[in-house]
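The values are calculated or read from the model by the stated rules, or taken from the named source; none is laboratory data. Predicted model only: the values in this text are computed from it and were never measured. Quick reminder, even Gly has a Cβ in these numbers, built from the backbone with ideal geometry, and neighbours come from all protein chains shown.
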Amino acid sequence: MDREEIVIEIGLYSSISPSVQQLFDCFHYSWETPEAFYRFNVTLIDRNDVLGYDRALNRDNYDVVVIGASGRQYFHALQETWRTNMKHFLEEGGGYLGICGGANSASQGLETLDSLLASIINKGALKIANVYVNDDQTQEWQYLWKDAGEDHIPLSLALDRSAHPLFEGYPFKTRSITYGGGPGMYPAHVPDPCLGDIAPLALFLEEPSTVAPLHYYFYNHSTWDIQQPIITDIQGQYAVISTQYNNSSRVILFSPHPEIPPLLDGHIEEYLGVSIYGIPRFVYAWVDGYQTASDYNWWMIRRAAAWTAHLPTAHLPPVPRLL
């Protein structure tokens with residue numbers, strides 16, 4: 001008997017971040033179950049699509065919207081129509097997968113504001129997940145601002161393999177995922193009936209500033225000296241969560257970057273250079289060690305996207321045998 005082919009349409013929000021290309025590549029994927037043949041079809045979308053132009057973000061065109069390492073949506077979301085259309089997509093049953101900046105956008109925002117950018121993030125927050133984000137400009141964000149494109153820092157996460165199908169079938173209790181300045185997440189307890197319960201799928205077992213210490217520098221006559229260390233405080237907070245919005249949309253948020261392969265057993269090198277944003281400053285690279293394959297954690301992204309598209313657990317993409 002011929003199996004039905006089912007296409008899951010992914011709308012991937014565009015960004016200047018190179019990791020968005022890695023997400024794009026990740027979704028060139030298909031798999032089989034005894035009942036059906038599945039494949040992803042990924043399309044880059046932007047502000048105009050969310051506003052209803054071009055290939056509009058709606059349930060006729062897409063099953064899941066994915067926002068990865070992007071900051072542009074913070075500013076696009078200041079427009080009420082953008083937020084309204086995004087929420088309407090979710091209310092109609094569309095899925096949401098957020099990674100790093102996409103997790104910030106889905107949250108209730110920052111409980112305590114520390115900058116103008118934090119105020120912008122809060123103003124445009126979709127508020128579809130009942131969590132606050134701990135993502136301070138002077139702390140966690142420095143792993144983004146100082147990134148020179150070699151951000152393969154592995155952080156160990158404690159996985160919950162029983163409360164949700166995302167990690168079901170994975171044989172270990174921990175996994176290393178690349179960290180690049182994402183938030184720690186924690187409960188917001190907002191009394192909104194549209195907000196579903198939070199299922200913590202992974203916790204940060206390590207502190208970024210301990211595993212990969214960065215510093216502020218100052219110019220002292222003819223040399224650059226350390227002014228002070230950068231201290232983060234997300235250890236023990238949520239790194240990956242799932243929830244539902246309006247009883248119709250499934251949501252998964254990652255703080256770290258499963259699309260970027262971690263480099264295991266490396267170390268930080270800081271130097272005067274140019275960040276990925278073209279800004280001359282002290283930047284960092286995570287060097288030496290063992291570089292994992294490009295698709296090392298892509299199975300998580302694929303399972304997350306398929307789950308948000310309302311596939312049953314037995315039909316999710318497989319956990320790879322070689323881990």
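What is the residue count in the stretch 193-215 for residues that are surrounded by 14 or more Cβ atoms within 10 Å (Cβ to Cβ), more than 18 Å from the chain's Cα centre (by Cα) and of a type outside the set (S, T, N, Q)?
Initially, the stretch 193-215 is screened for residues surrounded by 14 or more Cβ atoms within 10 Å (Cβ to Cβ), giving 194-196, 198-209, 211-215.
Narrowing the set further to residues that are more than 18 Å from the chain's Cα centre (by Cα) leaves 194-196, 209, 211-215.
Of the ones still in play, those that are also of a type outside the set (S, T, N, Q) are 194-196, 211-215.
Adding up the residues that qualify gives 8.
Filter the stretch 280-312 for residues that are without any contact (Cβ under 8 Å) to a residue 40 or more places away in the chain and hydrophobic (A, V, I, L, M, F, W, C); which is surrounded by the most Cβ atoms within 10 Å (Cβ to Cβ)?
W299
What strands (runs of 3 or more DSSP E) completely inside the stretch 213-267 contain at least 1 residues that are of a type in the set (G, A, S) and either closer than 21 Å to T174 by Cβ or at pLDDT 95 or above (or both)? Quick ask: steps written out before the conclusion?
Details: elements: 215-220, 223-229, 238-245, 249-254.
By residue number, 238-245, 249-254.
So in the stretch 61-85, with the set limited to residues that are touching a strand residue (DSSP E or B) at 6+ places or on another chain (Cβ under 7 Å) and either of a type in the set (S, T, Y) or at pLDDT 95 or above (or both), which one is nearest to A106 (Cα to Cα)?
The initial filter retains those residues of the stretch 61-85 that are touching a strand residue (DSSP E or B) at 6+ places or on another chain (Cβ under 7 Å), namely 61-70, 73.
With either of a type in the set (S, T, Y) or at pLDDT 95 or above (or both) added as a condition, the list becomes 61-67, 70.
Values: N61: 21, Y62: 18, D63: 17, V64: 14, V65: 12, V66: 11, I67: 9, S70: 13 Å.
Taking the candidates together, the pick is I67.
Kindly state which strands (runs of 3 or more DSSP E) lie completely within the stretch 88-169 and contain at least 3 residues that are touching a Cys at 6+ places or on another chain (Cβ under 6 Å) and modelled with pLDDT of 95 or more.
Those strands (runs of 3 or more DSSP E) do not exist here; none qualify.
Confirm whether Y96 is among the aromatic types (F, W, Y), closer than 18 Å to S15 by Cβ and out of contact with any His (no Cβ under 7 Å at 6 or more places or on another chain). Please lay out each step first, then the result.
On the way: among the aromatic types (F, W, Y): yes; closer than 18 Å to S15 by Cβ: yes; out of contact with any His (no Cβ under 7 Å at 6 or more places or on another chain): yes.
Taking the combined requirement at face value, the residue satisfies it.
Here are some residues: N104, N61. Which one is touching an Asp or Glu at 6+ places or on another chain (Cβ under 7 Å) and buried (at least 24 other Cβ atoms within 10 Å of the Cβ)?
N104
Which residue, of L110, L159, L126, L117, is touching a residue at least 24 places away in the same chain (Cβ under 8 Å), of a type outside the set (S, T, N, Q) and under 26 Å from D265 (Cβ atoms)?
L159
So which residues in the stretch 17-36 are more than 16 Å from Y96 (Cα to Cα) and out of contact with any Phe, Trp or Tyr (no Cβ under 8 Å at 6 or more places or on another chain)?
Looking only at the stretch 17-36, we keep the residues that are more than 16 Å from Y96 (Cα to Cα), and these are 17-19, 21-22, 25-26, 28-36.
Across the stretch 17-36, the qualifying residues are S17, P18, S19, Q21, Q22, D25, T33, P34, E35, A36.
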